[in-house]
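The values are calculated or read from the model by the stated rules, or taken from the named source; none is laboratory data. All figures in this text were calculated on a predicted structure; none of them were measured in a lab. Counting neighbours? That spans all protein chains shown, and the Cβs are built from the backbone with ideal geometry, glycine included. Side chains are part of the model used for accessible areas, which takes the heavy atoms of the whole protein and leaves out ligands, DNA and RNA. Shrake-Rupley method; radii C 1.70, N 1.55, O 1.52, S 1.80 Å.
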Amino acid sequence: MSPSELYLRSESPEDTLAIARALGAGLRPGDVVALYGDLGAGKTLFCKGVGEALGIPPDRIVSPTFTIVTEHAGPVPLTHIDVYRLAGVREADEIGMRELLSGDGVCLVEWAEKIEELLPRDCVQVRFSFSGDDRREIAIAAPDLPGFDDFRARSIRFQRGG
């Protein structure tokens, strides 16, 4: 495990929200968070927690699958992108994805694997995997996140060995 990578265990949706809020507290304008995982793994729930940490009411954050992009005004603007329905990089490029990824706020991208080559190299990567019922393993890699040490401290109760 590198100094900028953590392996976390979520036992419930509440745990996933707590982990997301802890990460969100360290995000700054310009940060991009790429979310990976199967359908139902917790990506949108995680976005709600990050949004809450940024001052966005969690009930405003819903899966934008049909709209692809939802922008939320707040103390730190939040762009929530779900590329599930896009065919790939070319289609993402056609709708201005590069500009969205370099915006003034925090950008969350669900199904990031579909547009990986467009993502900034220093984006935060959050990978979800099922470990039974409501339990999830969440791996977070943040190569250049200045607040990663603070996130590590805020998420200590969820950490496990790599």
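Assorted remarks:
- Checked against the criterion of being in contact with a Cys (Cβ under 9 Å, 6 or more places away or on another chain), open to solvent by less than 80 Å² (accessible area, probe 1.4 Å) and not charged (D, E, K, R), the candidates 92, 112, 139 yield just one match: 112.
- The lone criterion from (1) surrounded by 18 or more Cβ atoms within 10 Å (Cβ to Cβ); (2) in contact with a Phe, Trp or Tyr (Cβ under 8 Å, 6 or more places away or on another chain); (3) closer than 15 Å to residue 43 by Cβ left unmet by residue 81 is number (2).
- Qualifying residue in the stretch 115-128 (condition: touching an Asp or Glu at 6+ places or on another chain (Cβ under 6 Å), at negative phi and of a type in the set (A, V, I, L, M, F, W, C)): no
- All positions within the stretch 84-105 that are over 12 Å from residue 118 (Cα atoms) and under 15 Å from the mean Cα position of the chain (by Cα): 84, 105
- The stretch 44-69 - residue that is part of a helix (DSSP H, G or I) and within 20 Å of residue 100 (Cβ to Cβ) and, of those, modelled with the lowest pLDDT: 60
- Selected residue (only one of 30, 26 is open to solvent by 40 Å² or more (accessible area, probe 1.4 Å), part of a loop (DSSP other than H, G, I, E, B) and in contact (Cβ under 8 Å) with a residue 60 or more places away in the chain): 30
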